[in-house]
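Working notes, structure below.
FYI, it's all coordinate maths here, none of it is from the lab. Only a predicted model underlies this, so the values are computations on that prediction, with no experimental measurement involved. Here the Cβ positions follow ideal geometry from the backbone for every residue, glycine too, while neighbour counts run over all protein chains shown.
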Amino acid sequence: MGGFKHLWFLNLSTFFFFLGISLLNPLISPYAITLGAQPFLVGLVAGVASGVSLISKLFGGYVGDRGYRFHAMFLGNVLGVVSGLLYIFSGLSGSIAVFALGRAIHGFAMGIFFPSSLSSAVDLAPEGRVGEALGWRGMMFSLGNIVGPAIGGFISDKFGFTSAFALTIAFSILGALFVLSVWRETGEIKAGKHEEHASYRELLKPFFVSASLALFFISMAYSGVVTFLPALYKVSGLGQGVFGIYMMLMGFSSFLTRLVGGKSADRMGPIPVARFGIFMIFLGYLSLLKFKFPPYSYVPAVVSGLGFGLSLPALQFMALAKLPQKIRTMGSSIYTMFFDLGMLSGQVVLGYIAQLKGYNGVFPLVAFLPVVSIILVNAPLLWRDRNES
């Protein structure tokens, strides 16, 4: 029972940490504009957290593997509080630089919190239920990202930006308290003596490489949809709310299948579940070629969301469950970096295609990218057959 309690406290910490971040998503650009930022600077301020997070994940993985996972998760929440204070101070001072500093610190917090949060879910899971543990954690992450933007938008509209920033501080404090409770009861998670000689060369094993590359290509496809579908709506004369409904439906359907994906991976192994989930993403994005506009586009949103909910816990299981505990946090860092790299690559590559062929020209490639992921996720099976022969 204690193990489940500790796991759920960490899940709640994950929920509140990312709730404090996601509630800012609809506010960053409008708030930067109120501080006098021009469009290019708005883009820089919006992207600084992701850029810093990508780099700090390596640091987060390193310290987590040195026995400081709870330190990293606690510090991530504390830095969330610091960021919230800087956001409030930026309003009082009218300084875009202070706001950008807050975004950078929040990005650093994300980078050090996420790897330890993910690897600890694997380590604290009961035997034979790693997929289920990852499924529950994924549900908390999804729930935070579903309700966060709605809360942030509502509070900022009714009470102003400062009130929304104060909520970020409150949620980060709650996240820190949940981490602290588990930390005090369990102590740090340490690797067994039999893993003393485990090295980062284990990250070159086919199961880890295949899962990471499969994640890269589906995140690249995802970035194409979340970046260029709203752009297509904008130039077609539709409002932002249309895409907001699309994202809400996709997020909710993903939330529904996270636990199913995790439990199925426990029973069947991660590869069949990931294969089926990515195939659903493919079907969703293939149907988007014909049904780009509402209300028909909401069908691809639901289908692809169900696919993401199934495939992401299975891919996490595939990448991390077999890694030695001593290097699992760094593995979590590098694995999640492939998501970030896929998002960045999609925005650049697909942006170039959009420049040449228009926004409609992006979606055939978006539909093709999950096919690459399906091939990659089966690579460990081919490797095993070759070794057995």
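Some points to look at:
- Per residue convex hull volume, Cα atoms of the stretch 68-125, in Å³: 56
- Rounded if a/c under 1.5, otherwise prolate or oblate - the stretch 133-269, Cα gyration tensor axes: oblate
- Each Cα pair under 8 Å and six or more residues apart adds its sequence gap; the mean of these over the residue count of the stretch 37-180 is a relative contact order of 35 percent.
- Chymotrypsin sites (Phe, Trp or Tyr not before Pro) restricted to DSSP loop in the stretch 293-389 with at most 16 other C-beta within 10 Å: Tyr296
- When the inverse distances between all different Cα atoms of the chain are averaged and flipped, the Kirkwood radius reads 21.2 angstrom.
- Here the relative contact order of the chain, from alpha carbon pairs under 8 Å that lie six or more residues apart, stands at 25 percent.
- For the stretch 238-389, the fraction of alpha-carbon pairs lying more than 28 Å apart is 25 percent, rounded to a whole number.
- Under the Debye formula (equal points on every Cα, no solvent term), log10 I(q)/I(0) of the stretch 257-298 at q = 0.16, 0.18, 0.21 Å⁻¹: -0.51, -0.59, -0.67
- Ordering of 340-350, 250-260 by packing [mean C-beta count within 10 Å, highest first]: 250-260, 340-350
- Lysine pairs within the chain, Cα separation less than 16 Å, 8 or more sequence positions apart or different chains: 5
- Think of the chain as a dipole: +1 on every Lys or Arg Cβ, -1 on every Asp or Glu Cβ, centred on the Cα centre; then among Asn145, Leu85, Val349, Val349 lies furthest on the positive end.
- Kyte-Doolittle mean at least 1.6 and Cα axial length at least 15 Å: DSSP H helices in the chain: 363-377
- The stretch 25-166 has equivalent-ellipsoid semi-axes of 31, 18, 12 Å, by the square roots of 5 times the alpha carbon gyration tensor eigenvalues, sorted largest first.
- MRE, 222 nm, helices only [DSSP H, n ≥ 4, -39500 (n - 2.57), over the chain, to nearest 500]: -29000 deg cm²/dmol
- Protection-proxy order for peptides 120-126, 132-138, 325-331, each taking the mean of Cβ atoms within 10 Å per residue, highest first: 132-138, 325-331, 120-126
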